[in-house]
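Everything below concerns the one structure shown next.
Read-outs throughout are calculated quantities, based only on the coordinates presented, and are distinct from any laboratory measurement. Just so you know, these numbers come straight off a predicted model, no measurement behind them. When we count neighbours, we look across all protein chains shown, and the Cβ atoms used for this are built from the backbone with ideal geometry, even at glycine.
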Amino acid sequence: MILSVFLFYFCFFLTFYFDFEFNGFLFLFASFFLVRKLFEYRVNLKSVWFFSLGLGFLCVLWMWFIVSYVGVLFTLLAVLLSIFILSIFFTLMFLPLIWMKEKRKILVYSLIYGVYFVLWNFVFYNFDDLGLSFLQFYFTQSSIYLFYPLFSIHPLLVNFVLVLLVFYFIYLVFDKNVNRVYWVFGILVFSNLVAKFYYDFLSGRILGYLNDKLNRENIFLFFISTDTVAQPPDYRIRNESMTFYKLSVALASAYSTRRNNESNFVFFLPEGSLSKDERYTFNLNNPNLSYSLSNLKYNVNNLIGNRDFFSIFGNSFLFFNPTSVDYEIKKIFNSVVLLSFNDINSLRVVDYQIYSKRFLVPFTEVTPGFFKSISKFLSKWIVLYKYLDYSKGEDDFKEFAVKDIKFVPLICFESFKHIYPISIYSDVDFIVVSSNDSWFKNNPMLFLHLKSVRVLSVVKRRPVIFLVNGYENRIFIFKDMTQNIKNTIHIVSF
């Protein structure tokens, strides 16, 4: 029994933090052995609680990185609180195993338990205040190509199917049909291999279609990755010299590849590439008075050394991440803005597109309400309380457009949320996830974030471009297509 539990923990760690091929089947094997042992041994509430504590601990291992930000005391408090809350949820999820002892009714139990299991994952998925939504990605297992069609219906549907499979295998073993277990596993693995080749082929077709459309519209996309000093005491310092150096390289490259004066260039700067201070704020009440306009113009002028150079990029746009401010209601937002170079040059905003982040990162961008109410006495030890919390954006869904090319921007943590049906993305050419992942260097959370971006591409069946600060830009279409970026003319990554 102990060996089965450790096997499950081991597979949980591998599949939760990494993305090995067929890791979903690894979970399936481990779950099968564990549940089989649970039926052979007496299971009580105490054992379920300790098992859930172990799962809760594995889920929050990534939180060790916040030691550098807020100290050991607060990190330990956050970890213990997270483990406790997760353990309660996990205990409720696995509680039915205590009574599911009748072998002859295993299929009926599996159906009931499958619905129950998915119900609690749905609670995780919608529990934004605690930031637990990422938990669903362990249970959905993004490497099972065979289940990709189910993602398009709803990611949590995969949970239900996996639970049914585990209990079906147990049923076969209890009926002494071990050979049938091997046959079913073999069929699943072979089918998954076939599905993998299919989705590899489909991803190439989708990337080709996007490149052809960009070619027809005469649009070039430049995605710039940068780096940041994200560790204390220089927590808020940004490596702007690298940002504008890479932008200058992108401008030079664009100039050399432009076909004519009708060419359109869109330069994407990731979240966190510009300083989070007054120099790069965007005024929501009067965009023309935005400090970011004058500072962007100043830096671009220094880059090109010739103000007439702006005319060459008259049809070009800059996508960047300012802190937008509503001075009337005294709120700040983590936003992304698409501005034309002409507007930057004239310091007069004629037209702009903006999206403000809806799902904020707990303890980083916003202090959860429950924590504020019980821990005000700890405020002098918590770095976050020295800064103003961000507010949630009001737009449920935002679509940016350059000519006939349409894309949806998401910011960082929002890649974990799939709250909109696939139909709403029918006219969208790609999704951009702008993120500052310099926090996660050498940290398992980076793997979770990359996994979320991959699952996002599966769920929405659209190319997802991971525009990142502190890491390498990636493009996902069912899988990592980063190498294919280098073979395209209209999608360029720096």
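Quick check: from the Cα gyration tensor, does segment 184-223 come out rounded (a/c under 1.5), prolate or oblate?
prolate
Taking a threshold of 26 Å on the Cα-Cα distance, which of the pairs 357/460; 403/460; 196/398 fall above it?
Long pairs (Cα-Cα over 26 Å): 196/398.
Sort 221, 73 so that the residue with the fewest other Cβ atoms within 10 Å of its own Cβ comes first and the one with the most comes last. If you can, show how the numbers build up before the last one.
On the way: 221 25, 73 12.
Result, fewest neighbours first: 73, 221.
To make sure I understand, if each residue's beta carbon is the centre and we count other beta carbons within 10 Å, what order do 429, 212, 480 fall in, fewest to most?
On the way: 429 20, 212 11, 480 17.
Sorted ascending by nearby Cβ count, the order is 212, 480, 429.
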